[in-house]
1. For a quick check: sort HIS482, HIS214 by the number of other beta carbons within 10 angstrom, fewest at the front.
2. Quick one: Debye curve from the alpha-carbon atoms of the range 70-205 only, equal weights, vacuum; give me log10 I(q)/I(0) at q = 0.09, 0.11, 0.18, 0.21 Å⁻¹ to two decimals.
3. For the range 381-467, which trypsin sites (Lys or Arg not before Pro) are in a loop by DSSP, counting at most 16 other Cβ atoms within 10 Å?
4. Which GluC sites (Glu not before Pro) in the range 114-213 sit in a loop by DSSP (not H, G, I, E or B) and have at most 14 other Cβ atoms within 10 Å of their own Cβ?
5. For the chain, what does the helix formula give at 222 nm: sum of -39500 (n - 2.57) over DSSP H segments with n ≥ 4, over the residue count, nearest 500 deg cm²/dmol?
6. Less than 11 Å Cβ to Cβ from GLN35, Lys/Arg counted +1 and Asp/Glu -1: what total charge do the surrounding residues give?
7. Could you list the GluC sites (Glu not before Pro) in the range 340-445 that lie in coil according to DSSP, counting only those with at most 14 other Cβ atoms within 10 Å of their Cβ?
8. Under 10 Å from the Cβ of ARG308, count the other residues' Cβ atoms, weight Lys and Arg +1, Asp and Glu -1, and hand me the total.
Amino acid sequence: MTDIVRGLPSTHGDSFQLNTTTLIRHAARTFPEQQIVYRTPDGGWDRYTYADAYARIQQAANVLTGLGVGPADVVGILDWNSKRHFELYWAIPGTAAVMLQMNLRLAPEDLGYVTTHSGASVVLVDESLLPAARELAPHAPGVRTWVVMSDRPSSEIDPGLPNAVFFEDLMAEASAEYDWPVIDETSAYSACYTTGTTGRPKGVYYSHRGIYLHTMAQAAAVKMGSDDTVMLITPMFHGQSWGLPQSAVYSQAKVVLPGRYAAEDTSVLVDAMIAEQVTVANGAPAIFGPMLAYLETLDEAPDLSRARLLCGATEPPLSMMRGFFELTGADVIHAYGATETTPFVTVNAGIKPTLTGLSDDQRWDLKRCQGLPVNGIEVRIVDAAGADLPHDGVAEGELLIRGPWITERYHDLDDAPGERFIDGFWRSGDVATIYPNGYLKVVDRLKDVVKSGGEWISSIDMENAVVAHPRVAEAAVIGVAHPKWQERPVVLLATVDGDDVPLSEIHDLLATRFAKWQLPDTVIRVDALPRTSVGKLDKKVMRVEYADLYQVVR
């Protein structure tokens, strides 16, 4: 760790702690009339104000206190991007407890491990998720109280859970005034667990200070203000919806909570985006792709020229970014981060004004980069020996990250945690290059890069070139062991019409971007590509399935 040098003490209010409740209190005080629009359980929409929400947030804090929740306790949430989930984002950490983000897509055993490892004693669950909670309960014996959230009368609901109580019944009896404690800003406000693609999920515990600074940096980078309307598409149960709930409130923006939706039917998101004039939203290509497809079916394309669509999880295809812009004027903004980074690390929020003379194609190609590091974040790229590599746009190495909202260790983990941290930097496991102009481009995951004949082939770049084919719905590139070349790239793809795409057509697509030796020898059509619990391509599963493909050279 870096030594800290102490200078002359300041006269500033350094004892004033950065707490999450400061954000919502300020928003409710200065913009009490600002709207929060939310989806109702029946699929309709309703709305209330910041002032209304703040009153319920204080009631919820009183409910939690009445249930025995206190400082350092852990409280879990099983819910969609709902009105109550939004309220609990402030109420739980405001009591000095820790808000446990519970990934609904995890198997009951893994979610049980997360619940037990975190020490969660209270879990709030939406009525629609009671079946999932019942499956979870045997794997989470430490939960002493289950709190059921529903608009229906409690007399009509059978929770099927031990020691269950009903949230709205308790809210009806709770005071709408709460005396918020001043919390040490280094205390954990929330916890999120990695999805455990290698080993058990690992706990990342975010501090009040970390999320507060992250909030200010994100709002500045995306240029968010009170004239914005922010839709939370990314699940609030993972990576705090990329910090957008806090940034929206910090900016006193209008908030849209879409509740439960399906990736196969994103029309509800698009319709709400148009109706509420959304200007900021977050999501992954797996969501934005279907949204664009729906927009293309409309008789008249909406004007979304003020919209900034923050896109993460994986690199957005250039065809999708151009499609949104050319059809609606919306700007798909490529960003980068991880559970361990809160998550904002870099953002490609626009071409630097100093980069003059770029052609249209060059400007679009630059938007494929993950962008510039957010103010406050330090990044390095290093070789296998840990030596720094030049920022010349050619050298590629592992990306290391540190900053006030980057984790420095995992919670209560004995399994060689030092392997992921070095000198205060988190080792991302991503291969990246940094250009002289400061833009960062993630080339691949270390475990996903294809190593062929002693050279690296970027699976990400190849995938995004392949999905430009008009009949390709989604694509993945994996490295498969080869007796002569170490590995060779194999393209797996799903098509819109269910028919094969000839290898020659894939070669034609890739010919201008890849050397002849890099071109894949095999293209395999599948019905659908396997994905992880957070919607990323599950290449681990694919590599296992096709591991023996080249046992005999064809």
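Rule-based calculations on the coordinates, nothing more; no lab input. Treat the numbers as computed from the prediction; the structure is a model and nothing was measured. All Cβ positions, even for glycine, are placed from backbone atoms using ideal geometry, and neighbour counts span all protein chains on display.
1. Details: HIS482 18, HIS214 29.
Neighbour counts put them in this order, fewest first: HIS482, HIS214.
2. -0.26, -0.39, -1.03, -1.36
3. Working: sites: ARG402, ARG409, ARG420, ARG427, LYS441, ARG445, LYS447, LYS451; in loops: ARG409, LYS447.
For trypsin sites (Lys or Arg not before Pro) across the range 381-467 that sit outside H, G, I, E and B with at most 16 neighbouring Cβ atoms in 10 Å, the list reads ARG409, LYS447.
4. Values: sites: GLU127, GLU135, GLU156, GLU168, GLU173, GLU177, GLU185; in loops: GLU177, GLU185.
Taking the range 114-213 and a limit of 14 other Cβ atoms within 10 Å, the loop GluC sites (Glu not before Pro) found are GLU177.
5. Values: 15 runs with 147 residues, N = 554.
My calculation for the chain gives -7500 deg cm²/dmol from helical runs alone.
6. -2
7. On the way: sites: GLU340, GLU378, GLU396, GLU398, GLU408, GLU419; in loops: GLU396, GLU408.
Filter output for the range 340-445: GLU408.
8. Working: positive: LYS223, ARG306; negative: ASP228, ASP331.
Value of the local net charge: 0.
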